[in-house]
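Student: To start, I am sharing the structure in question, which I have written as structure tokens.
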Amino acid sequence: MPRFATVDQLRQYRRQLAAGYDPQQLQVLVCAGPGCLPLGSLEVAAAFRTACAEKGLNERVILKTSGCQGLCAKGVRVLIRPQEISYEQVTVEDVPEIVATTLVNGGIVDRLVHQDPLSQAKCIHKWEIPFYQHQHLMVLRHLDLLDPESLDDYLRLGGYLSLEKVLLGMTPEEVIDLVERSGLRGRGGAGFPTGRKWRLCREVPGEVKFIICNGDEGDPGAFMDRAVMEGDPHAVLEGMIVGAYAIGARRGYIYVRHEYPLAVKRLQLAIDQAREAGFLGQDILGSGFDFDLRIARGSGAFVCGEETALMASIEGLIGEPIPRPPYPAQSGLFGQPTVINNVETWANVPEIINRGAEWYASLGTERSKGTKVFSLVGAVNHTGLVEVPMGTTLRQIIFDLGGGIPGGKEFKAVQTGGPSGGCIPKQFLDLPVDYDSLQEVGSIMGSGGMIVMDETSCMVDVARYFIGFLYEESCGKCTPCREGLRQLVHLYEDIIHGRAEEGHLALMEELCAVMRSASICGLGQSAVNPVLTTLKYFREEYEAHIRDKKCPALVCRPLLKYTIDPEACTGCLACVRECPVGAISGRKKEPQEIDQELCVKCGLCYEVCQFDAVRRE
């Protein structure tokens, strides 16, 4: 890779890349995103290399591993261009057939194409799959187009054009003004206007300022930022360099959680490539602007996603939040003015610079502009990454993109915003997803986690799980959060064990009010959302647990009761053999009986009975 001393040299190199690229050449892109890697995508890619070599296709076929291709429920995914043939659930054993049928003869391996769960239609090409039809890709625009370890691929697709534009013809004030007019808001959760944050930081006097990318994605079920860092790392770097130019920063950090080793590897490779090419370091592209980056690794503490705790962690201190003001834009890392945005926010910046503020502002709603990436998981047919314009309804995301609820079950609720988000019931399925609408029903946008639940979910148990998670992850610094979460955990234990009284619900609401108003940071302030929304929209489930000592969804084990129907029992003794505590007795070929005093409610008898004789209530 040459070092580009000027913009003209970079443009000449980009023209060379374009001249040497044939868009009609066969390409095989094997997804190496978070969903496909554990299923063996690297082994599938290696099998393609071997099979193509055996068929003499090395000169005809370009083989790449790509970032996340979105539809994680059907990995390993393989995309063949230029035909846009999309194969799913590909294994090493399938590769020779794909090579022989598709790459050599131009045919289709029918059993590996997508079948829509609603219409049952076969979808050969990517554009035919409903999951992709309703999306608007901006942050995810490159993930199935490039090799994330290739700077040439990124440059060929227009990489670092926005950097050229700002260094060649824009003042820092003009960059900030453009970002402000675009309406971009921080995608990390709070939704603070990005341009306003940059302007506040630039206006603070001082020579030393910092830029930070928050890649500490700790929400259960969330992998949006991970997919971008692993699949398009240069987009994050480019956005940060533009932001550094705008506020006058000379140093920056990308804070990545310890559990993301591949993201760390690819980001470090991208940093090394960018430094070698002259996009980082001194006198970037001959502009006189100096800026460099390094990676800071977190240790997995959820609270370090909060910006003041994150900065403390970078400084080598305990990752604990501190009260604000002053805000990081005024006094942040090492006491200097600091801009912190998350991965998705930074990845938006190059497109805003390249395509203009008005174009970006034309997407979304009046107060929530642009697109949003969500990790769609849980009880939905098509789990994966989706990117849609702000204002897209929950129904469109869950049913049009996600393919609805598996097994013909009913939709019950969706939690947005991670463990601190609220649980939204089915009466709000037509709610537009934007910052304000979600807050109105008691939830938050958060970083973009979206967990779908069906009729088999117990909302008391769901709230209990997230409160338990937040209790374990609380830093414990402030009393309202530390003790409030502790008491909520105890109250939920009382409810699911049948020890609760009706006064528990009023006490929970009182605790939530104190936590929301008195906690130091957003973890404690928003931790109450799963409690308050489930109490508001699913109060009858709490009352059933407390008054009737029953779990309507048959999830909470301490409240379950297993019995055997003597009319249906054949006396096969399968349940007797499986019971770990010997609670089931009876003679062979005669009805069995469960001793309720001994039963530990493990459910093994229910699972092994082939005659539907074991009843659960």
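Student: Below 14 Å, Cα to Cα, which aspartates and glutamates can Lys209 reach? Residues fewer than 8 away in the same chain don't count.
Tutor: Asp290, Asp292
Student: Sort Ser517, Ser150 by Cβ crowding within 10 Å, fewest neighbours at the top.
Tutor: Lowest to highest Cβ neighbour count: Ser517, Ser150.
Student: Only Lys, Arg, Asp and Glu count, each charged at its Cβ (+1, +1, -1, -1), so figure out the dipole size of the chain about its Cα centre, rounded to 20 debye. Present the calculation step by step, with values, prior to reporting the outcome.
Tutor: On the way: 63 positive and 79 negative charges, 107 e Å.
Roughly 520 debye for the chain.
Student: Apply the Karplus parameterisation 6.51 cos²θ - 1.76 cosθ + 1.60, with θ equal to phi minus 60°, to every residue of region 544-552 and state each ³J(HN,Hα) to the nearest whole Hz, in sequence, with x for glycine and proline.
Tutor: 5, 5, 7, 7, 8, 6, 9, 9, x
Student: Let me ask you something else. If one computes the Cα centroid of region 340-365 and of region 232-277, what distance in Å separates the two points?
Tutor: One Cα centre to the other: 18 Å.
Student: Also: Hey, can you grab everything whose amide H is under 5 Å from the amide H of Ala296? Only 5+ residues off in sequence or another chain; H modelled, so Pro and N-termini drop out.
Tutor: Answer set, sorted by chain and number: Ile254, Tyr255, Val256.
Student: Thr392's amide H: which non-local residues (gap 5+, or another chain) put their own amide H closer than 5 Å, with H modeled 1.01 Å from N in plane and none for Pro or chain starts?
Tutor: Val433
Student: Still on this model: What's log10 of I(q)/I(0) for region 561-616 at q = 0.14, 0.24, 0.25 Å⁻¹, Debye sum over Cα points only, no solvent?
Tutor: Evaluating at q = 0.14, 0.24, 0.25 Å⁻¹ gives log10 I(q)/I(0) of -0.27, -0.86, -0.94.
Student: Can you tell me which aspartates and glutamates have their Cα less than 16 Å from the Cα of Lys549? Leave out same-chain residues fewer than eight positions away.
Tutor: The reachable aspartates and glutamates, counting only those whose Cα sits under 16 Å from Lys549, are Asp461, Glu493, Asp494, Glu501, Glu502, Glu540, Glu541, Glu617.
Student: Continuing with the same structure: Quick query: amide H of Arg251 versus all other amide H atoms, modeled in the peptide plane; which residues come in under 5 Å with a sequence gap of 5 or more or a different chain?
Tutor: Amide H neighbours of Arg251: Lys209, Ile211, Asp292.
Student: Taking a virtual spin label 7 Å from the Cα of Glu472 along the C-beta vector, which residues in region 516-549 bring their backbone nitrogen under 12 Å of it?
Tutor: none
Student: I would also like to ask the following. How much length is gained on full extension from Asp548 to Leu269, taking 0.36 nm per residue of separation minus their Cα-Cα distance? Please list the in-between numbers first.
Tutor: On the way: separation 279, 0.36 × 279 = 100.44 nm, distance 5.89 nm.
Fully extending the segment from Asp548 to Leu269 adds 94.6 nm.
Student: Sticking with this one: For region 459-548, compute the orientation-averaged projected area of the C-alpha convex hull (one quarter of its surface), in nm².
Tutor: Working: hull surface 19.6 nm².
Orientation-averaged projected area of the Cα hull: 4.9 nm².
Student: If the reach is capped at under 26 angstrom between alpha carbons, list the lysines near Lys74, excluding any in the same chain fewer than eight residues apart.
Tutor: Answer for Lys74, where 26 Å is the Cα cut-off: Lys64, Lys122, Lys126, Lys265, Lys372, Lys409, Lys412, listed by chain and number.
Student: I've got another one for you. As a test of the formula, what do you get for the chain when each DSSP H run with n ≥ 4 contributes -39,500 (n - 2.57) and the sum is divided by the residue count, at 222 nm and rounded to the nearest 500 deg cm²/dmol? Display every interim value, and only then the final one.
Tutor: Details: 23 runs with 221 residues, N = 617.
For the chain, the value works out to -10500 deg cm²/dmol.
Student: Report the gain in length on full extension from His497 to Glu455: 0.36 nm times residue separation, minus Cα-Cα distance, nm rounded to one decimal.
Tutor: On the way: separation 42, 0.36 × 42 = 15.12 nm, distance 2.14 nm.
That pair, His497 and Glu455, stretches by 13.0 nm at full extension.
Student: Next question, about the same structure. Return one quarter of the surface area of the convex hull spanned by the alpha-carbon atoms of region 151-361, equal to its mean projected area, in nm².
Tutor: Values: hull surface 43.2 nm².
Averaged projected area of region 151-361's Cα convex hull equals 10.8 nm².
Student: Run the numbers for Phe611 and Trp127: contour at 0.36 nm per residue of separation, minus the present Cα-Cα distance, in nm. Mind dumping the intermediate values first?
Tutor: Working: separation 484, 0.36 × 484 = 174.24 nm, distance 4.58 nm.
Stretched out fully, the Phe611 to Trp127 stretch lengthens by 169.7 nm.
Student: Further, regarding this structure: Expressed as a whole percent, how much of the Cα-Cα distance distribution for the chain exceeds 45 Å?
Tutor: Details: 47970 of 190036 pairs.
When every Cα pair of the chain is considered, 25 percent fall beyond 45 Å.
Student: Let me ask something additional. What's the Kirkwood radius of region 186-259 in Å, using all Cα pairs?
Tutor: Working: mean 1/r = 0.0740 Å⁻¹.
The answer is 13.5 Å.
Student: Shifting gears a bit: Starting from the exponent 0.38 and prefactor 2.2 Å, build the expected Rg for region 75-142 from its residue count and divide its actual Cα Rg by it. Could the numbers behind the result be given before it?
Tutor: Values: Rg = 12.6 Å, N = 68, 2.2 N^0.38 = 10.9 Å.
Normalised by 2.2 N^0.38 Å, the Cα Rg of region 75-142 equals 1.16.
Student: Rg (Å, one decimal) plus Dmax (Å, integer) for the alpha carbons of region 371-454?
Tutor: 11.2, 33
Student: Another question about this same structure. Using a 10 Å cut-off around each Cβ, can you sort Leu532, Leu598 from fewest to most neighbouring Cβ atoms?
Tutor: Working: Leu532 19, Leu598 12.
Taking fewest neighbouring Cβ atoms as first place, the list is Leu598, Leu532.
Student: With +1 assigned to the C-beta of every Lys and Arg and -1 to the C-beta of every Asp and Glu, and no other charges, what is the dipole magnitude of region 23-131 about the Cα centre in debye, to the nearest 20? Intermediate results must be reported in sequence, preceding the final value.
Tutor: Details: 10 positive and 11 negative charges, 47 e Å.
My answer is approximately 220 debye.
Student: Using only Cα positions of region 120-195, each an equal point scatterer, no hydration layer, compute I(q)/I(0) via Debye at q = 0.22 Å⁻¹ and quote the log10 values to two decimals.
Tutor: -1.11
Student: Continuing with the same structure: If R₀ is 45 angstrom, what is the calculated FRET efficiency for the pair Ala513 and Ala46, using the beta carbon separation as r and rounding to 0.05? Working shown, then result.
Tutor: On the way: r = 57 Å, r/R0 = 1.26.
E between Ala513 and Ala46, to the nearest 0.05, is 0.20.
Student: Something else: Identify, among Leu438, Gly421, Gln24, the residue whose Cα sits farthest towards the positive end of the charge dipole of the chain, taking +1 on the Cβ of Lys and Arg and -1 on the Cβ of Asp and Glu, with the dipole about the Cα centre.
Tutor: Gln24
Student: Another question, if that's okay. With point charges of +1 on the Cβ of Lys and Arg and -1 on the Cβ of Asp and Glu, referenced to the Cα centre of the chain, which listed residue (Gln525, Val61, Gly305) lies farthest in the positive direction of the dipole?
Tutor: Result: Val61, furthest along the dipole toward the positive end.
Student: If you don't mind, another one. Can you compute the equivalent ellipsoid semi-axes for region 23-131, i.e. the square root of 5 times each eigenvalue of the Cα gyration tensor, sorted largest first and rounded to whole Å?
Tutor: Values: eigenvalues 87, 50, 30 Å².
In descending order the semi-axes read 21, 16, 12 Å.
Student: Okay, moving on. May I ask for the net charge around Val61, where only other residues with Cβ less than 13 Å from the Cβ of Val61 are counted and Lys, Arg are +1 while Asp, Glu are -1? Intermediate values should be presented prior to the final figure.
Tutor: Details: positive: Arg49, Lys55, Arg60, Lys64, Arg81; negative: Asp22, Glu54, Glu59.
Value of the local net charge: +2.
Student: Turning to a different aspect of this structure: Got a sec? How would Ile124, Ile212, Ile284 order by Cβ neighbour count within 10 Å, fewest to most? If you can, show how the numbers build up before the last one.
Tutor: Numbers: Ile124 18, Ile212 27, Ile284 23.
Taking fewest neighbouring Cβ atoms as first place, the list is Ile124, Ile284, Ile212.
Every read-out reported here was derived from the displayed coordinates using simple, explicitly stated rules and does not represent laboratory data. The model shown is predicted, which means the values in this text are computed figures rather than measured ones. FYI the Cβ positions are ideal-geometry reconstructions off the backbone, even for glycines, and counts take in every protein chain you see.
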